[in-house]
Amino acid sequence: MAFPIQVTFRGMDPSAALEQRIREKAERLERFDERILGVDVVVQAPHRHHLKGGVYEVRIDLSVPGAEIVVTREPGKDHAHEDPFVAARDAFAAAQRRLRHHAEQQRSFVKARPEA
């Protein structure tokens, strides 16, 4: 691992298990693009005024040469995100897709449209 990983918890107590899982997932991103400069992850707890369990928001900022890739999994109707581990998993899955797409564009693997 050659890049820094910063994990921030907002509105909740820090969880060593969740932070370890986030760091493992962030290190795996290097498989898709080895030029990652840094990863910032913010896990935000739901507001406490809900009657039932709220959903967690996870934001991932990836710094790569020439771009900043931002992935946000905001609270929605997906009640699976009441678990912060599931919210982090889904956010990192989206980050992998976006990072792979960005790396392919940089390497010119994406087909260009034929000119008319």
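Quick notes on this one:
- Considering the chain, there are no qualifying strands (runs of 3 or more DSSP E) wholly inside with 2 or more residues that are modelled with pLDDT under 85.
- Pairs, first within 17 Å of A45 (Cα to Cα) and open to solvent by less than 70 Å² (accessible area, probe 1.4 Å) in region 1-30, second modelled with pLDDT of 90 or more and not in a strand (DSSP E or B), C-beta under 6 Å, six or more apart: V7/E19; V7/I22; I22/A88
The values are calculated or read from the model by the stated rules, or taken from the named source; none is laboratory data. Source: prediction; values computed, not measured. Here Cβ is always computed from backbone atoms with ideal geometry, including for glycine, and neighbour counts include all displayed protein chains. For accessibility, only protein heavy atoms count, side chains too; no ligands or nucleic acids. Shrake-Rupley method; radii C 1.70, N 1.55, O 1.52, S 1.80 Å.
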